[in-house]
Amino acid sequence: MNDRAADRILFQLKTRGPQTIGELGARFSMTGEAARQHLAKLADAGLVRHEDRPEGRGRPKRYWALTEEGNARFPDSHAQLTVDLLQSVRDLFGETGLDRLIEKRRAENLAAYKAEVSEASTLRQKLERLVGLRDREGYMAECSGTEDGGYLLVENHCPVCAAAAECQGLCRAELELFQDVLGPDCVVERTDHILSGARRCAYRITPK
């Protein structure tokens, strides 16, 4: 299997979650047998695993997903260095000092994000700008409309996951950041959280 095919399959599983052989075959215009061979090689490399799920009558469906090693192919930016720095700040200045650092970072991001969305006149336009920013920062961000007239902002990867695990105030600040950037005409709620075991982080945006 060439590296490009492997990367495409891994990226699809990262951004869309568990998939069946049929779904992967259809996505990449390959036969079921070809998709099966690719997945077998990825499984041998420890990058993917399968889970059989009962769905109504008949045999269970087999879904393929990334393993921890497969997820590690999408790097956590400067993970250990960031964790070490956070630990040092906590040791030197305590939790209060760490909170001040997080708030300073949030304020800087808020200024940069607001400048980016300043010319957007609608919530949809603001979200498009925000998604573009987050995507460039490595979050694999995307946004779609929901049936109730709201939006779902999804981040399929967290490039600072190790830092967020060490200091969960980063996640709290991120949620507040999105609310401040999008403004008072909507409510932002986190519905999925990587640190809680979800595959992705997701946010429901509901217009008021």
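Things worth noting here:
- Number of residues in region 178-200 that are among the hydrophobic types (A, V, I, L, M, F, W, C) and at pLDDT 95 or above equals 6.
- Answer residue from region 159-205, given it is free of Cβ contacts under 8 Å to residues at least 40 places away in the same chain and of a type in the set (Ser, Thr, Tyr) and is most open to solvent (accessible area, probe 1.4 Å) among those: 196
- Whichever residue in region 102-116 is without any contact (Cβ under 8 Å) to a residue 60 or more places away in the chain and open to solvent by 80 Å² or more (accessible area, probe 1.4 Å) and, among such residues, is farthest from residue 184 (Cα to Cα): 104
- Any hit, region 10-17, residues being in contact with a Phe, Trp or Tyr (Cβ under 9 Å, 6 or more places away or on another chain), within 30 Å of residue 162 (Cβ to Cβ) and without any contact (Cβ under 8 Å) to a residue 12 or more places away in the chain: yes
- Among the conditions (1) within 23 Å of residue 192 (Cβ to Cβ); (2) touching a residue at least 12 places away in the same chain (Cβ under 8 Å); (3) open to solvent by 20 Å² or more (accessible area, probe 1.4 Å); (4) of a type in the set (S, T, N, Q), residue 156 misses just one, which is (3).
The values are calculated or read from the model by the stated rules, or taken from the named source; none is laboratory data. Bear in mind that the values here come from a model prediction, so they are computed numbers and not experimental data. Reconstructed Cβ throughout: ideal geometry from the backbone, glycine too, with neighbour counts over all protein chains shown. These accessible areas exclude ligands, DNA and RNA; they are computed on the full protein's heavy atoms, side chains included. Shrake-Rupley method; radii C 1.70, N 1.55, O 1.52, S 1.80 Å.
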